[in-house]
Amino acid sequence: MGKVARVSGPVVIAEDLEGVRMYDVVRVGELGLVGEVIRIAGKNVTIQVYEDTSGIRPGEAVENVGKPLSVELGPGLLKSIYDGIQRPLDIIREKSGDFIRRGFSATPLNESAKWEFKTVAAKGDQVSEGQIIGEVQETSLITHKVMVPYGVSGKIESIKNGEFTVNDVVAVIKTASGTADVKLKQEWPVRVARRVMGKLPPTIPLITGQRVIDTFFPVAKGGTVAVPGPFGSGKTVVQHQLSKWADSDIVVYVGCGERGNEMTEILTTFPELLDPKSGKPLMERTVLIANTSNMPVAAREASIYTGITIAEYYRDMGYDVALMADSTSRWAEALREISGRLEEMPGEEGYPAYLGRRVSEFYERSGNAKVVSNEERYGSVTIVGAVSPPGGDVSEPVSQNTLRVTRVFWALDSSLASRRHFPSINWLNSYSLYQGELEKWFEDNVSKGWGAAYSEAMAILQKEAELQEVVQLVGYDALPEKEKAVLDIARMIREDFLQQSAFDEVDSYCSPAKQFGMLNAIMEMGRLQNDALERGATMEQLSSLPVREKISRMKETKEEDVEKFFSGLLEEIREQLKTAGAEMVGA
Amino acid sequence: MPGISYKSISQITGPLLFVEKVGNAAYNELVEISTPDGTTRTGQVLDTSKGLAVVQVFGPTSGMDIGKTRVKFSGSTARITVSDEMLGRIFNGLGEPSDGGPSLISKERVEIVGNAINPYSREEPSEFIETGISTIDGMNTLVRGQKLPIFSGSGLAHNMLAAQIARQAKVLGKGENFAVIFGAMGITSEEANFFINEFRNTGALSRAVLFLNLSSDPSMERIMLPKVALTTAEYLAYEREMHILVILSDMTNYCEALREISSAREEVPGRRGYPGYMYTDLSTIYERAGKIRGKNGSITQIPILTMPGDDITHPIPDLTGYITEGQTVLSRDLQRKGIYPGIDVLPSLSRLMNQGIGKGRTREDHRGTADQLYSAYANGKDLRSLSAIVGEEALGASDRLYLKFADEFESRFVKQGVYEDRSIETTLDLGWELLSILPQSEMKRVKKEFIDKYGKWRKE
């Protein structure tokens, strides 16, 4: 048992703490505040405390828990809401009221709930680490796979079906050195990545139902995305949309240093939203980690790791997991704050010199992986990290370190946001390095014309940007008709395709087939319009075609009508432009 | 040890006292300092180790010495007395009465550093607050439990606007217990008088609690003030079930005080000298807005800040915008044109708007109408700068209509009287009237049925 020697904000120095190791968890003071050892110097041990330290005095006891900061993994994670160090917020509310009392502890997984365990291995089977020996139906959407813990292999001595709590032994494995008990629950230190056999190149897109993302800047399952943007540019809405509609099996949402009401929004809307594939509530596949901005800063630092460890655990079962981290800047700021208290030599803008390493370590935990098991099993973790650069300027260290390691960049733009162009992803600055790799998937699974439509649309948007500069000088009327047509089609792409309302029931999710239908219709319009111009029509005449109205409302098409609607629309476009052209020629 | 006085100050630098041979002071413990000339001041423990406590003094250190000055440790962190009796009273930044009235008698002593609201306990804010101001109600709707700051600049009409909101704010169809808490940080006595008179003239003073820290008062009290004000607000909201509107003015002064004290503590500075923990610090203020499930009260915050040099990327508005649920931005250009309230709707935003509007709350067409107004005004403003270069003649016919729309939007929708209280119907109808300047085919953001129902185009 050690003693507090000094308190300065979230940093506490303790002495006489015997046998303490780096990153061990300790309990500080009479309240038993949770902390983590971050420096050992002789008899003095520096501790970062995950809770407010007001009222702690020198001389109070410090107890070593003797293990690093860990999370409990097992059935019951889904549908839960945790703080940054995996304390269940619903239980805390029940026991300590509406405000989070300090020093409160509760087990992350419900220890009294019984789970129906079904074996998939039998007594006498030879099993090795990572192998699935049983299953639990965790929610109506997800079957929880019970795996042999790491480092354990041998023959199953006993295993049985039945109802168990997370602490009950469901199987005993005879190993070379004795026996090992398998429970529904395992523990894992958050700062250590769970091992995989190897990582594979990502080949399948994460379908998000967001047009600008899937069509223009797609992300692969197992990929990494950076979403930097100034405040009010819609980072959080993008993250919410992805966690609602992305076609991953599991979503881990980490609210890291952000607003309390945003977490409430998820808690109230997700149970009502239905998964477009299965028709089950989205909450059934979601784990929430909420460490809001006013909750202790050190726990904010831990929240990202808690989230990624849970994501890796489900990946190991063979699931595709998407992790949303909103916002990694707050996590970096927590690092900076603690670094400052430790009086470390600051790097750029006061951030510690190891910021870049921490950021890349975190994103490296993503990936499309062959997981540890003698059975062939694959799973993926996709990381979408929001970044909140001060003043929206991405030249700052957190954005730059993130962009170095992520392969997709969705640049949110405040000037788009202020004209209510949402999602405000800037099509000229953003990029996806997966675009080429995933094009094949889209061409095989959606339409042959996918790649061509994409390239054509991007070229038009690029051209528009150049023409805009000319218009600034000479005015719109001075442009030749052909160029007016480019501006016209670009405007259609922007308004009728890229803009997508997250709050509209139909438009909130757009299937790849509908996305292609929409873009294809606009491109067809562009081509035929050009032909008509060749024949001598003018843009002024073409701008009054009735089919335009239909194009501007194609977002409202319901998913079940997609095929019929778009074949009809194409016909109408061809029809009207044909006659439009013919008339002109006749005249 | 609590209750014992020490004369063992070894060093005084800036606002910091180093007290030696102290028996284990608690972190953030409150202390009382008595100088030889008989004045007493309060302070707080910043750093504590065995036998040494670093104390931060609230207020000046003039008259303090080594040897005679006594430091008494209170044994507890900062607390204030709260009660219903606070309504109609004026206090200083530490929660002590400053209106000459009697001191508060109550058993309720609460810590001013509140614990964080459990995110699981929060209730999603969704009750529309009608402020009677078109640009807010129509386009950046305020809801109960929201924190919506006003980003202003020196010389703009933020105080008048805040007073108008406080005067007119109401929840439709409900007569509930409502009170205003006004926290003034580092504002001039003239500004303070404006608010006091405003509250007195409209009879709102009896439903208000005022906390005043004028520009001549100590910086440390300025830092305590919002915490004291919000602790009071929490008591009235969650214990007394009242709906509280908290107006904090001016957050820029608060942040300046934070920087001053941080530099006195010799901390590593962050951007522009503001401390690295300013985001966390501001969030412990702003995040105290909200609603709690199962409780009848609520706290809505309208912090006011003046952007230094009208720069929205300055750390103070920047960090604030990342925490608050939107912002209302005042524009110098509009004010120059004689438009009150000069709210520039384009950079303004209310993140909780969607929860508070629509059928059953305001009107079914609200979302679409607002979006359409936004995009039309944005387009009009773009064209305005374009026409300044190429001339209005070079614009197409429909572009000229957008120009007309932008002008009328500013002079009729944005502009309104200080005592003009527009209902939400008036606001939305006005919006439709302005939209009818444009061709009906441009209405891409609104549903067809709403155009037919609310549109003001002449039927052909």
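The values are calculated or read from the model by the stated rules, or taken from the named source; none is laboratory data. Computed from a predicted model, the values in this text were never measured in an experiment. Heads up, the Cβs are rebuilt from the backbone with ideal geometry, glycines too, and the neighbour counts pull from every protein chain shown. Note: accessible area is taken over every heavy atom of the protein model, side chains too, but ligands, DNA and RNA are not part of it. Shrake-Rupley method; radii C 1.70, N 1.55, O 1.52, S 1.80 Å.
Out of A:Glu72, A:Glu111, one residue alone is open to solvent by 20 Å² or more (accessible area, probe 1.4 Å), part of a strand (DSSP E or B) and either under 30 Å from A:Val321 (Cβ atoms) or basic (Lys, Arg) (or both). It is A:Glu72.
Taking the conditions (1) under 19 Å from the mean Cα position of the chain (by Cα); (2) open to solvent by 10 Å² or more (accessible area, probe 1.4 Å); (3) within 12 Å of chain A (Cβ to nearest Cβ) in turn, B:Pro308 satisfies each one other than (3).
For every residue, the table says whether it meets (1) modelled with pLDDT of 90 or more; (2) touching a Phe, Trp or Tyr at 6+ places or on another chain (Cβ under 9 Å); (3) surrounded by 19 or more Cβ atoms within 10 Å (Cβ to Cβ).
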| site | (1), (2), (3) |
| --- | --- |
| A:Val11 | no, no, yes |
| A:Gly19 | no, no, no |
| A:Gly29 | yes, no, yes |
| A:Val37 | yes, yes, yes |
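So is B:Thr48 more than 27 Å from A:Tyr50 (Cβ to Cβ) and open to solvent by less than 20 Å² (accessible area, probe 1.4 Å) or not? Before the answer, list the steps.
On the way: more than 27 Å from A:Tyr50 (Cβ to Cβ): no; open to solvent by less than 20 Å² (accessible area, probe 1.4 Å): yes.
Answer is no for this residue.
Would you point out the residue of the stretch A:86-101, among those that are in a loop (DSSP other than H, G, I, E, B) and within 7 Å of chain B (Cβ to nearest Cβ), that is modelled with the lowest pLDDT? Only one residue fits best here, namely A:Arg101. Looking only at residues of the stretch A:1-20 that are out of contact with any helix residue (DSSP H, G or I) (no Cβ under 9 Å at 6 or more places or on another chain) and within 18 Å of A:Leu342 (Cα to Cα), we find that the one that is farthest from the other protein chains (Cβ to nearest Cβ) is A:Ala14.
Pairs are defined by a Cβ separation below 7 Å, a sequence spacing of at least 6 or placement on different chains, a first member in the stretch B:121-149 that is on the phi > 0 side of the Ramachandran plot, and a second member that is among the polar types (S, T, N, Q); the pairs so defined are B:Gly132/B:Gln168; B:Gly145/B:Ser298; B:Gly145/B:Thr300.
Got a sec? Which of B:Glu267, B:Glu325 is touching a residue at least 60 places away in the same chain (Cβ under 8 Å) and facing chain A (nearest Cβ under 8 Å)? Spell out the reasoning first.
On the way: B:Glu267 fails: touching a residue at least 60 places away in the same chain (Cβ under 8 Å).
When all the criteria are applied, what remains is B:Glu325.
How about the stretch B:106-167: which strands (runs of 3 or more DSSP E) wholly inside it have at least 1 residues that are within 23 Å of B:Glu287 (Cα to Cα), open to solvent by 10 Å² or more (accessible area, probe 1.4 Å) and in contact with a Pro (Cβ under 6 Å, 6 or more places away or on another chain)? Walk me through it before giving the result.
Values: elements: B:109-111, B:128-130, B:150-152.
Ranges flagged: none.
Could you pull out the residue among B:Asp407, B:Asp382, B:Asp399 that is open to solvent by 50 Å² or more (accessible area, probe 1.4 Å) and facing another protein chain (nearest Cβ under 10 Å)? Give the steps one after another, and end with the answer.
Numbers: B:Asp407 fails: facing another protein chain (nearest Cβ under 10 Å); B:Asp399 fails: open to solvent by 50 Å² or more (accessible area, probe 1.4 Å).
That would be B:Asp382, the only listed residue that is open to solvent by 50 Å² or more (accessible area, probe 1.4 Å) and facing another protein chain (nearest Cβ under 10 Å).
Does the stretch B:242-263 contain any residue that is within 12 Å of another protein chain (Cβ to nearest Cβ) and touching a residue at least 24 places away in the same chain (Cβ under 8 Å)? Scanning the stretch B:242-263 turns up no residue that is within 12 Å of another protein chain (Cβ to nearest Cβ) and touching a residue at least 24 places away in the same chain (Cβ under 8 Å).
Residue pairs whose Cβ atoms lie under 6 Å apart, sitting 6 or more positions apart in sequence or on different chains, and linking a residue in the stretch A:5-17 that is in contact (Cβ under 8 Å) with a residue 60 or more places away in the chain to a partner that is in a strand (DSSP E or B) and open to solvent by 20 Å² or more (accessible area, probe 1.4 Å), are A:Ser8/B:Asp47.
For (1) out of contact with any helix residue (DSSP H, G or I) (no Cβ under 7 Å at 6 or more places or on another chain); (2) exposed (fewer than 14 other Cβ atoms within 10 Å of the Cβ); (3) over 25 Å from B:Tyr238 (Cα atoms), each residue gets a yes or a no:
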position	(1), (2), (3)
B:Val31	yes, no, yes
B:Thr40	yes, yes, yes
B:Phe91	yes, no, no
B:Asp99	yes, yes, yes
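Inside the stretch A:374-405, residues that are open to solvent by 10 Å² or more (accessible area, probe 1.4 Å) and within 30 Å of A:Tyr313 (Cα to Cα) make up a count of 10.
Looking at A:Tyr305, A:Tyr313 in this structure, which one is open to solvent by 10 Å² or more (accessible area, probe 1.4 Å) and in a helix (DSSP H, G or I)?
Numbers: A:Tyr313 fails: open to solvent by 10 Å² or more (accessible area, probe 1.4 Å).
On inspection, the qualifying residue turns out to be A:Tyr305.
Of the set (1) without any contact (Cβ under 8 Å) to a residue 40 or more places away in the chain; (2) within 21 Å of A:Ala14 (Cα to Cα); (3) part of a loop (DSSP other than H, G, I, E, B); (4) of a type in the set (A, V, I, L, M), all apply to A:Ile47 but (3). Cβ separations smaller than 8 Å between residues 6+ apart or across chains give the following pairs from the stretch A:85-102 residues that are more than 18 Å from A:Leu31 (Cα to Cα) and not assigned by TED's automatic domain parsing to the domain that holds A:Val34 to residues that are among the acidic types (Asp, Glu) and open to solvent by 20 Å² or more (accessible area, probe 1.4 Å): A:Gln86/A:Glu72.
Please verify whether B:Glu234 is charged (D, E, K, R) and more than 30 Å from B:Lys107 (Cα to Cα), treating the condition exactly as stated.
On the way: charged (D, E, K, R): yes; more than 30 Å from B:Lys107 (Cα to Cα): no.
In short, no.
Within the stretch A:476-497, the set of residues being at the interface with chain B (Cβ under 8 Å from one of its Cβ atoms) and over 25 Å from B:Tyr374 (Cβ atoms) comprises A:Asp477, A:Ala478.
Checking the stretch B:281-289 against the condition returns a match, with at least one residue being open to solvent by 20 Å² or more (accessible area, probe 1.4 Å) and at pLDDT below 95. Of the candidates A:Val25, A:Val65, A:Val7, the single residue that is open to solvent by 50 Å² or more (accessible area, probe 1.4 Å), part of a strand (DSSP E or B) and of a type outside the set (Lys, Arg) is A:Val65.
When A:Pro352 is tested against (1) open to solvent by 10 Å² or more (accessible area, probe 1.4 Å); (2) under 21 Å from A:Ser8 (Cβ atoms), only condition (1) is not met. Could you say whether any residue in the stretch B:271-278 is surrounded by fewer than 23 Cβ atoms within 10 Å (Cβ to Cβ), more than 10 Å from every other protein chain (Cβ to nearest Cβ) and hydroxyl-bearing (Ser, Thr, Tyr)? Yes - at least one qualifying residue is present in the stretch B:271-278. Among residues that are surrounded by fewer than 24 Cβ atoms within 10 Å (Cβ to Cβ) and away from every other protein chain (no Cβ under 14 Å), B:Leu346 is not included.
Selection of the stretch B:354-379 for residues being within 10 Å of chain A (Cβ to nearest Cβ) and among the hydrophobic types (A, V, I, L, M, F, W, C) yields B:Ala370, B:Leu373, B:Ala376, B:Ala378.
For the stretch A:543-564, which residues satisfy the criterion of being within 14 Å of chain B (Cβ to nearest Cβ) and assigned to a helix (DSSP H, G or I)? Within the stretch A:543-564, A:Val547, A:Arg548, A:Glu549, A:Lys550, A:Ile551, A:Ser552, A:Met554, A:Lys555, A:Glu556 qualify.
Counting only strands (runs of 3 or more DSSP E) that fall entirely inside the stretch A:162-210 and contain at least 2 residues that are more than 21 Å from A:Arg377 (Cβ to Cβ), the qualifying elements are A:162-164, A:169-175, A:178-183, A:186-189.
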